[in-house]
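The values are calculated or read from the model by the stated rules, or taken from the named source; none is laboratory data. What you see is a predicted model, and the numbers here were worked out from it, not measured in a lab. Glycine gets a Cβ as well: all are built from the backbone with ideal geometry, and neighbour counts include every protein chain shown.
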Amino acid sequence: MKPIDDLDSLVGHARVLVCCGSGGVGKTTTGAALALEAARRGRRAVVVTIDPAKRLADTLGIGSLTNTPSRIAGEWPGELWALMLDTKSTFDDLVLAHAADDDQARRILGNRFYRNISGALSGTQEYMAGEKLYELHEGGDFDLVVVDTPPTRNALDFIGASRRLTNFLDHRLYRMLMSPTRAYLRAVNLAAQAFVRTVSKVVGGEVLDDALAFFRAFEGMEEGFRERAARVEALLADEGTAFILVAAPRVDAVSEASFFTTKLEESKISVAALIVNRMHPRLGTGRAEADRERAQRFAGTDLGSLYANLADLRTVADGEKAHLTELAANVAPAPVVRVPFLDHDVHDLDSLARISEHLFRS
Amino acid sequence: MDPGQFLRASRVIIVAGKGGVGKTTVAAALARMAAREGLSALLVQVEQASALAALFRRPQLSYVESTLAPAAGTEAEVRGRTITPDDALLEYLEDHGLRRISRRLVSTGAMDVVATAAPGIKDILILGKIKALERSSGADVVIVDAPAAGHAITFLLSVRGLLDAVRVGPINAQAREVLDMLSDPARCSVVLVTLPEETPVNELVETAFTLEDQVGVGLGPVVVNSVYPPLSGLDTPPETAAEAVGEVLTPAEVEALAGAARFRRRRQDLQRAQIARLAERLPLPQLHLPSVFAANLGPAEVDLLADTLRAEVTGLPDVVPSSPGPR
């Protein structure tokens, strides 16, 4: 999707919106506000959160979410649905869908190595997020899928995550481990033997045996996984998919956002819009330095305090503006939407609607 | 509480909190506070990109220790280093007589396969290295700038997970030793950092109970960062304040001053409410650090925060409860 689109046309026409950015900048809330806006425009929207902190449920003012979409009731012409990604069940579903028979599925799901990678392996979460996105998009029940990425620096692993698993399957070591019996040890080269011995020594032979059993059980399913991974990747690169960068105006958050921009560029993806939350107000046109001088001149009086406070606030606001100038240039011509500091965190649909107001009507 | 006693309570202090709460700044301020008490500090950076070195106006840290702030007069030195899983694994393998294979293991990506086979292994290598530093480091205090976000919990919880996955061998032994360190308040404490805002407070409370229940770590006081310092006179209308000193303000100035005062009063009220809510939900002592209204933080701001931290610690009662108590 072309970056010149404004936020309005993004929620009106995009099929997939991916919100990325560092932790604590309001990705989840922003994603929910975008989905809500789409529903208000008559679209069937679903918002997916990867954050296990239940923040989306809090934002929507509901108790909990599961791995299947829940409908959020409200007065709008479209539909609003939400779900919280459960990495393990999504992976289980994928295994069930690709297994040749029940026996193969059972062997994989019961394997301890599989349970480790499906629940806890970093990267699996990103991979399953892509998978869920694809499933929701393909299912045909939704016009728009909004997803927020994990709050980590490697959130953009999301883009290459499915490819990484298939790379893993192509890995020399994997192919070696896939040899049908332990007799392979005699046939493979010395370096590989040394590797297997080392791994056994470090983590214990039990872990290695689990891994071998998993790879054997997995045999025959690689093709299906590989094909699926290619389709997820194609969807992320599709012109109906737009990446929205969410940031806070703090210096560290801005440098993180620049990092994300670079990472996206490496994947030939441009930022469709930049949303900056929690902007301090810039009061009047006076200079902070002049306020500071007056604060000193009237130090110890109420007027001195008032000027000291104004100087602080103007310093912060000017600093935010300066931090953002470079970032805005980096993402140009993508629009930059600024959302002010709000008095309360969002935890119901009314306050979420107020965020939408700031995003779309101010 | 005596600041020296506070800093000596455990050799290792892990500073944790979600992204954007100022965890790195707090770690740096703690290190400078120690240095000013005459205790040498080693700052450990676990994440690749961190503002830690920039706070001391020094080049990026590496796996080899370097000086962040030199000793001066009665002040001790602050040193810094990184611990990355790859480097920690190399060192681990070399220590276990597997030097020949170790480089290849990392360079071929085999490390990823090992990490896949036993999740948490990267974290355990980092924590294992921290445990080694607890013994071998020349520093009086080892301060760890823990990974951001939810990862701080996973990072500390990984030990338990790994004990289930890897039941024998050196990694299992390593995990046990790390757990011993984490759960011994005389050796290691965790300082959680938050902002006086709704979502960060909620997440901090959740993190505190999870760490206490599932890892059994000793929690130190909670640092509440970016608290507006008290400023009297903000309730006075600008015209009245000006009149009192014989000044006359333009309407634009009145509006800006009044708007700024209103903004700050509102934020202060919200902060107060969140601080009270935190106290109610988590019975751990709080240390408050002020908002710093500077475009970029540097050594001067870190020292200012170190001074505040010292004053706040001095104000604590002598006995710090080690448990957050019932929920």
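Numbers below:
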| quantity | calculated |
| --- | --- |
| Selected residue (criterion: farthest from B:T314 (Cα to Cα)) from residues of region B:256-283 that are of a type in the set (G, A, S) and within 12 Å of chain A (Cβ to nearest Cβ) | B:A256 |
| Total residues in region A:220-263, condition surrounded by 23 or more Cβ atoms within 10 Å (Cβ to Cβ) and in a strand (DSSP E or B) | 6 |
| Helices (runs of 4 or more DSSP H) fully within region A:32-117 counting 1 or more residues that are within 13 Å of chain B (Cβ to nearest Cβ) | A:55-59, A:87-98 |
| Among residues of region B:208-225, those that are touching a helix residue (DSSP H, G or I) at 6+ places or on another chain (Cβ under 9 Å) and either at the interface with another protein chain (Cβ under 10 Å from one of its Cβ atoms) or surrounded by fewer than 17 Cβ atoms within 10 Å (Cβ to Cβ) (or both), counted | 3 |
| Test: residue in region A:338-352 that is facing another protein chain (nearest Cβ under 8 Å), assigned to a loop (DSSP other than H, G, I, E, B) and on the phi > 0 side of the Ramachandran plot | no |
| Top-ranked residue of region B:226-255 - restricted to ones that are among the hydroxyl-bearing types (S, T, Y) and at the interface with chain A (Cβ under 8 Å from one of its Cβ atoms), ranked as nearest to A:A308 (Cα to Cα) | B:S232 |
| Tally of residues being within 18 Å of the chain's Cα centre (by Cα), buried (at least 23 other Cβ atoms within 10 Å of the Cβ) and at pLDDT 90 or above across region A:37-70 | 4 |
| Matching residues, region B:173-201, being in contact with a helix residue (DSSP H, G or I) (Cβ under 8 Å, 6 or more places away or on another chain), surrounded by 18 or more Cβ atoms within 10 Å (Cβ to Cβ) and assigned to a helix (DSSP H, G or I) | B:Q174, B:A175, B:V178, B:L179, B:M181, B:L182, B:T199, B:V201 |
| Filter result (hydrophobic (A, V, I, L, M, F, W, C) and more than 14 Å from A:R55 (Cβ to Cβ)) within region A:6-34 | A:L7, A:L10, A:V11, A:A14, A:V16, A:L17, A:V18, A:C20, A:L34 |
| Cβ-Cβ under 9 Å pairs, at least 6 apart or on other chains, region B:284-311 side within 14 Å of another protein chain (Cβ to nearest Cβ) and on the phi < 0 side of the Ramachandran plot, far side part of a loop (DSSP other than H, G, I, E, B) and of a type in the set (K, R) | B:G298/B:R57 |
| Index of the failed condition, B:L68 passing every other in (1) more than 18 Å from B:P3 (Cα to Cα); (2) surrounded by fewer than 24 Cβ atoms within 10 Å (Cβ to Cβ); (3) away from every other protein chain (no Cβ under 14 Å) | (2) |
